[in-house]
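Trainee: Provided herewith is a single structure, encoded as structure tokens, for subsequent inquiry.
The values are calculated or read from the model by the stated rules, or taken from the named source; none is laboratory data. Everything quoted here is computed from the prediction, not taken from an experiment. Neighbour counts are summed over all protein chains in view; Cβ atoms, including those assigned to glycine, are modelled from backbone coordinates with ideal geometry.
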Ligand SMILES: NC(=O)c1ccc[n+]([C@@H]2O[C@H](COP(=O)([O-])OP(=O)(O)OC[C@H]3O[C@@H](n4cnc5c(N)ncnc54)[C@H](OP(=O)(O)O)[C@@H]3O)[C@@H](O)[C@H]2O)c1
């Protein structure tokens, strides 16, 4: 089995890489980082540098890839030096909005564009993107976080649309969006104090649930938005 984790340097991404590496030493794991290669190595793990906003780099990654069983996109942007999630529409910044779209939405579309041939084998496969419940339109009760919410809602549409196309062309592949819960990572760190009433999971805990879901998926699950506990999230 060959597994590709995009964003393997993130809180959830690295936890997923570690779980898949420990699963079976015969599995090959390929993981990407953008800025700094994590201090985690195994003989069957290959680290590759990748900026997900660079289409040519994504094309090159897949040109060098073997057949893949699982592709998991764990990159994400909620805050950066360029901006923070907006409490009000007055704070919307066009550049920060586009950064969110590039990382949270376009990344999965570009991965799908170049991943097809790596998934075109007879075995069951999974193409999964880490989304977020805040990208659910029907679940939006609090408002705010315009850039992140819109980029994740658009990601959900991207996942659903790819799943429909691939039902015809890659019928053994389950294409899904996953909600990991609120997880203590760099991405959530500035905001978890405000959600003290919510349960916060460690990256290891959430990643184990997500890995179990991924390993249990069949093509019948394609087009679903699934939370860490296995429940379906409304679009
Ligand atoms: N944490 C939560 O509570 C939570 C809740 C709901 C959904 N999620 C989703 O889960 C996913 C993982 O989040 P996380 O909490 O693990 O975040 P994280 O620890 O901040 O990790 C983010 C990852 O994205 C990568 N990344 C960002 N911009 C990139 C770019 N231009 N090119 C390549 N890689 C890039 C980072 O790479 P480098 O570190 O190498 O720069 C890092 O690997 C995200 O999609 C997030 O929206 C998280």
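Trainee: Are any of the residues in the range 93-114 surrounded by 19 or more Cβ atoms within 10 Å (Cβ to Cβ), over 17 Å from the mean Cα position of the chain (by Cα), within 14 Å of the ligand (Cβ to nearest atom) and touching a residue at least 12 places away in the same chain (Cβ under 8 Å)?
Mentor: Scanning the range 93-114 turns up at least one residue that is surrounded by 19 or more Cβ atoms within 10 Å (Cβ to Cβ), over 17 Å from the mean Cα position of the chain (by Cα), within 14 Å of the ligand (Cβ to nearest atom) and touching a residue at least 12 places away in the same chain (Cβ under 8 Å).
Trainee: Looking only at the range 11-30, filter to residues that are touching a helix residue (DSSP H, G or I) at 6+ places or on another chain (Cβ under 8 Å) and more than 16 Å from residue 204 (Cβ to Cβ); which one of those is modelled with the highest pLDDT?
Mentor: Per the stated criteria, the residue is 29.
Trainee: Look at the range 32-58 and say how many of its residues are part of a strand (DSSP E or B) and free of Cβ contacts under 8 Å to residues at least 24 places away in the same chain.
Mentor: Here the count works out to 3.
Trainee: Tally the residues that are surrounded by 10 or more Cβ atoms within 10 Å (Cβ to Cβ), within 13 Å of the ligand (Cβ to nearest atom) and either within 18 Å of the chain's Cα centre (by Cα) or farther than 22 Å from residue 76 by Cα (or both), restricting the search to the range 24-37.
Mentor: 4
Trainee: For the subset of the range 59-88 comprising residues that are more than 11 Å from the ligand (Cβ to nearest atom) and in a strand (DSSP E or B), which member is nearest to residue 155 (Cα to Cα)?
Mentor: 71
Trainee: Next question. Right, residue 14: near the ligand (Cβ under 8 Å from one of its atoms), touching a residue at least 40 places away in the same chain (Cβ under 8 Å) and either assigned to a helix (DSSP H, G or I) or surrounded by fewer than 22 Cβ atoms within 10 Å (Cβ to Cβ) (or both) or not?
Mentor: Yes; evaluated as a whole, the condition is true for this residue.
Trainee: Can you give me the number of residues within the range 58-83 that are buried (at least 17 other Cβ atoms within 10 Å of the Cβ) and under 20 Å from the mean Cα position of the chain (by Cα)?
Mentor: Residues in the range 58-83 being buried (at least 17 other Cβ atoms within 10 Å of the Cβ) and under 20 Å from the mean Cα position of the chain (by Cα): 16 in total.
Trainee: Is it the case that residue 135 is surrounded by fewer than 17 Cβ atoms within 10 Å (Cβ to Cβ) and either away from the ligand (no atom under 16 Å from the Cβ) or modelled with pLDDT of 95 or more (or both)?
Mentor: In short, no.
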